[in-house]
Structure formats: structure tokens, C-alpha cells
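Colleague: Before we start, here is the structure in question, set down as C-alpha cells.
The values are calculated or read from the model by the stated rules, or taken from the named source; none is laboratory data. Values in this document were obtained by computation on a predicted structure and should not be read as measured data. When we count neighbours, we look across all protein chains shown, and the Cβ atoms used for this are built from the backbone with ideal geometry, even at glycine. For accessibility, only protein heavy atoms count, side chains too; no ligands or nucleic acids. Shrake-Rupley method; radii C 1.70, N 1.55, O 1.52, S 1.80 Å.
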Amino acid sequence: MDNSAPRNDIETYWMPFTANRQFKAAPRLLVAAQGMYYTSYDGRKILDGTAGLWCCNAGHAHPRIVEAVRDQVARLDYVPGFQMGHPGAFEAAARLGALLPGDLDRVFFTNSGSESVDTALKIAIAYHRLRGEAARTRLIGRERGYHGVGFGGTSVGGIVGNRKLFGTLLPGVDHLPHTHDLEHNAFSRGQPQWGAQLADGLERIVALHDASTIAAVIVEPMAGSTGVLVPPVGYLERLRTICDRHGILLIFDEVITGFGRLGSSFAAEHFRVLPDMVTLAKGLTNATIPMGAVAVREPIYQAFMTGAPEAIELPHGYTYSGHPVAAAAAIAALDVYDEEGLFERAARLAPYFETAAHALRPRRHVIDIRNIGLVTGIELTPRPGEPTRRAYEAFVKCYERGVLIRTTGDTIALSPPLIINEQQIDTLFGTLGEVLDTVN
Ligand SMILES: Cc1ncc(COP(=O)(O)O)c(C=O)c1O
């Protein structure tokens, strides 16, 4: 073994979704976080304009969550989740079920959004099979969708850069058209008016394959990672109607939209469209401890509860499903959201956030601004021959000026913790505006 590498060698770690060589040539290391701010390795305060990765909705190191985690890990570190349990997992599930709309109150725990998505897709296929419709195996995603990085999520996902390296992926997957349209919808505030008819793409897929072969449709009610695509007015309702007409399950991937991002507890509540399943992660524990969940409507759960009582109904699960420390973090996060009224706070701040975002319209390179709740996408014209480069440079310059933003393609996505105040909103957009004028 070669022991000559320095202990702080940054070469060894293969970083996820990162330009490793570029990063390692000029690393951006964060060493602490509190409330709305990170502290960088060189001792600077960095305003968090992205809630980490859309996940620290109550801000960083919330004392209530820190205390719950500390207490839990010292008291009960781990319990097997298969054929054994502990009270925290049941309490976390019950609390989550009570918060979710309608009868979406049977909860399966995972460790991430990706696992939640793959779990939901497997439940959908198994559900139909158990009810005697074994031919319903086809899964429908949407162009530009992001559903994590498992083989299921990658297959139903629609971002070409995330797919092209990985071969043919799952068979039997189709995609709806995406809803992004600058010609009709540029600079929309909230839901764009144009585009509900794009949901009819599902009818075309049904016409091609027949409904009897289709298990489920999965969409992000608001697509985040592809650059903030807010659903057109009437679009999700139409998708729901078509799914109902053909007995297709509708899955909302609420990994980003869950827990207050839109100014409501969930997008399902915000848009008043009840899916058959939701996938969750991120804000579930305020990202303190990894945890994801799939919530299903009562009839789906009941369809599995039919065989011999000693039979395992769903042969699926993870070593860390319902992990005690994650469950404690989830319960504490749900307490914080409730007691501090953070979802309502996001709704109250949304108009101020919207005005601040749209004030960037005259800045250089800006070709669209779209927003809902406490999230906005600011799309830039790509630099000719160098797509993504301009937004990346804005990201680096903002970081140097003490503001963390996120870019995806040539879109800047902002999604701050829900505890942000008006002055910090001004700093966030003020810094970004100045930076946009300086990038070429
Ligand atoms: C909508 C959506 N689904 C799934 C995922 C994957 O979550 P994770 O990275 O926790 O696996 C993400 C992550 O950003 C997401 O935005």
C-alpha cells in the first residue's frame, strides 16, 4: 500500500455530479453552517441561496433537530427494520401521513429520493399484478424530468446528460413532452397560462401501447433540477383525469416540492391534485440525516395486505429503512416546520421573492424568469459554442462574493431556506444581478 499520499489529499474522493478536475484545481470547501449561512474553509460567511440542495428548509443546524439527533444516537443507534421495529419509525410515519393530503397515509421509508422513486415504481408494477393486471408494467416519465439516479429513476428521467452514458436503461418506458416553452410562457409569474394540453401526450402514449400495459406516470409537479419548470394552469388536473380514465397510477415526485417549498406543505395540496403516490426525501429531515419516503393511498396499501398474514407482502426494503436517528430527525423537522409556521412563512414571503426575482429581467443575458413559492429559475442565453459556461461562471463569482446559487444548464435555480428574510432576499438577488452584468 502506498502511504505516501498526504492525509488531506483531495484526489481520492470521486465527487458526485461534479467536474472533479475543475473542482480540485480550485476547491470550494464549506466547514460549518448555521441558519442561513455556510462558513467557507477560508472563513467567509456564504449566504445559502439554495437550501443546500433544495433540502435544508428550516435552515442549517436547527438546535431542535440537532438535539433530537444527538439524543437518539446515544439512546438507540440502530434497529433492524425487517421483522423488527422501534417506536420512532412508527411515529415519523404517522406524523408524515397526517400531514399529507387525502388518504396518502401509508408510508414506506427509504434513504434518499432515488430510492423513493425506485420503490414507488416497483410498488406500482406490483400493485397491478396483485390485482390481476400483470400486463401493466410500462412506466411513463417526462422529458427533462429528474427522478434521481437509480436505474428506475434514470429510465423515467428525461435529462439526456444523465442518461446517455448508461445504455438502454429499463425497457418499456415512455416520456411525456416537457412543459417548457419560452415562446408562450417567458417571464410568467407563478403558473404559466399556456400548456395544459401537453398532458394529452399521455393519451397518445395510451393510443400507442394500450392502457392495459401502462402501470404508472411519474412527474415532478414542479420540475426542479431541470431548471424550475412550473406546471401550466390545468396541466396536472388534466394528467390526473387521463390517468383516472385509463386506470393508470399517478406518482408525484415531491422530493423538492415537499415540505414548504411552494408555500404549502406539498405540491399535491398546493395544486389540489391528489396523486396515488408521492415520493419524498430532502426536507423530510431538513437534510440533517439521509431519509426518504414513499406515501401511498390506502387502497394501494390494502391491495398488498391480502395473502397469508405470515407472508412478507412487499419483498423490498433497505437496511436503513426507518433508521432510528433519521426518524428522530424527521419528527423534529416536522415539529419545527409546524411550530415555526415555515410553510406559511414561505407563502407570505413568496410575493416579495417573486418581485425581487423578476427585477433581474433587465440584466444581461436573462431570457426568462419563472417562479413559484420560494423557488425561481433564471434562464440565461447560452454562450455560443459553450453551453452552461456562462451560468457556471456566475455561480463561481457569486460564491466569491459570499452567495451560494445553483446552476443547471444555463438556468440559475434559487431555492433558499424558508427562514430567509427580506434583507437576505435583497442580498441574494442584488449580488446575482451585479454578477450577471460582469459575466460575458
Ligand atoms: C424530484 C427529485 N427526485 C429525486 C431526486 C433524487 O434524490 P436523491 O439525490 O436524494 O437520491 C431528486 C434530487 O434532487 C429530485 O429533485
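Colleague: Does LEU314 meet the test of being under 19 Å from the mean Cα position of the chain (by Cα) and not polar (S, T, N, Q)? I'd like the intermediate steps shown before the answer.
Modeller: Details: under 19 Å from the mean Cα position of the chain (by Cα): no; not polar (S, T, N, Q): yes.
Against the criterion (under 19 Å from the mean Cα position of the chain (by Cα) and not polar (S, T, N, Q)), LEU314 does not qualify.
Colleague: Let me ask something else. In contact (Cβ under 8 Å) with a residue 60 or more places away in the chain and either assigned to a loop (DSSP other than H, G, I, E, B) or touching a strand residue (DSSP E or B) at 6+ places or on another chain (Cβ under 8 Å) (or both), is that true of LEU202?
Modeller: Taking the combined requirement at face value, the residue satisfies it.
Colleague: Still on this structure, I have one more. Could you check region 340-439 for strands (runs of 3 or more DSSP E) lying wholly inside it with 1 or more residues that are open to solvent by less than 20 Å² (accessible area, probe 1.4 Å)?
Modeller: Values: elements: 366-372, 375-380, 406-408, 411-414.
Ranges flagged: 366-372, 375-380, 411-414.
Colleague: Can you tell me how many residues in region 151-190 are part of a helix (DSSP H, G or I), small (Gly, Ala, Ser) and more than 14 Å from the ligand (Cβ to nearest atom)?
Modeller: Within region 151-190, the subset part of a helix (DSSP H, G or I) is 151-156, 160-166, 182-185.
Going one step further and asking which of them are small (Gly, Ala, Ser), we end up with 152-153, 155, 161.
Still in the running and more than 14 Å from the ligand (Cβ to nearest atom): 161.
Final tally of qualifying residues: 1.
Colleague: For residues in region 117-143 being open to solvent by 60 Å² or more (accessible area, probe 1.4 Å) and basic (Lys, Arg), which is farthest from the chain's Cα centre (by Cα)?
Modeller: Applying the filter and picking the extreme gives ARG131.
Colleague: Considering region 309-319 alone, what residues qualify as being more than 13 Å from LEU130 (Cβ to Cβ) and open to solvent by 50 Å² or more (accessible area, probe 1.4 Å)? Please lay out each step first, then the result.
Modeller: Quick first cut of region 309-319, residues more than 13 Å from LEU130 (Cβ to Cβ) only: 309-310, 312, 316-319.
Result: PRO309, GLU310, ILE312, THR319.
Colleague: Going residue by residue through region 202-215, is there one that turns out to be under 30 Å from PHE17 (Cα atoms) and open to solvent by less than 10 Å² (accessible area, probe 1.4 Å)? Explain how you work it out, then say what you get.
Modeller: So the first thing to find is which residues in region 202-215 are under 30 Å from PHE17 (Cα atoms), and the list is none.
So far as region 202-215 goes, no, none of its residues is under 30 Å from PHE17 (Cα atoms) and open to solvent by less than 10 Å² (accessible area, probe 1.4 Å).
Colleague: Okay, moving on. Quick one: ALA303 ticks every box in (1) hydrophobic (A, V, I, L, M, F, W, C); (2) buried (at least 22 other Cβ atoms within 10 Å of the Cβ); (3) more than 23 Å from the chain's Cα centre (by Cα) bar one, so which box is it?
Modeller: Only one criterion in (1) hydrophobic (A, V, I, L, M, F, W, C); (2) buried (at least 22 other Cβ atoms within 10 Å of the Cβ); (3) more than 23 Å from the chain's Cα centre (by Cα) is unmet by ALA303, namely (2).
Colleague: Follow-up question, since we're still on this one. Could you give every pair whose Cβ atoms fall below 6 Å, whose first residue belongs to region 139-150 and is in contact (Cβ under 8 Å) with a residue 12 or more places away in the chain and more than 6 Å from the ligand (Cβ to nearest atom), and whose second residue is among the β-branched types (Val, Ile, Thr) and in a strand (DSSP E or B), counting only separations of at least 6 or pairs across chains?
Modeller: LEU139/VAL173; ILE140/VAL217; GLY141/ILE218; ARG142/VAL219
Colleague: OK, next. Taking region 108-138, which residues are assigned to a helix (DSSP H, G or I) and within 13 Å of the ligand (Cβ to nearest atom)?
Modeller: Filtering region 108-138 down to residues assigned to a helix (DSSP H, G or I) leaves 113-130.
Answer for region 108-138, where residues must be assigned to a helix (DSSP H, G or I) and within 13 Å of the ligand (Cβ to nearest atom): GLY113, SER114, GLU115, SER116, VAL117, ASP118, THR119, ALA120, LEU121.
Colleague: Under the condition of being on the phi > 0 side of the Ramachandran plot and more than 12 Å from the ligand (Cβ to nearest atom), which residue from region 251-293 is most open to solvent (accessible area, probe 1.4 Å)?
Modeller: Among those that are on the phi > 0 side of the Ramachandran plot and more than 12 Å from the ligand (Cβ to nearest atom), it is ARG272.
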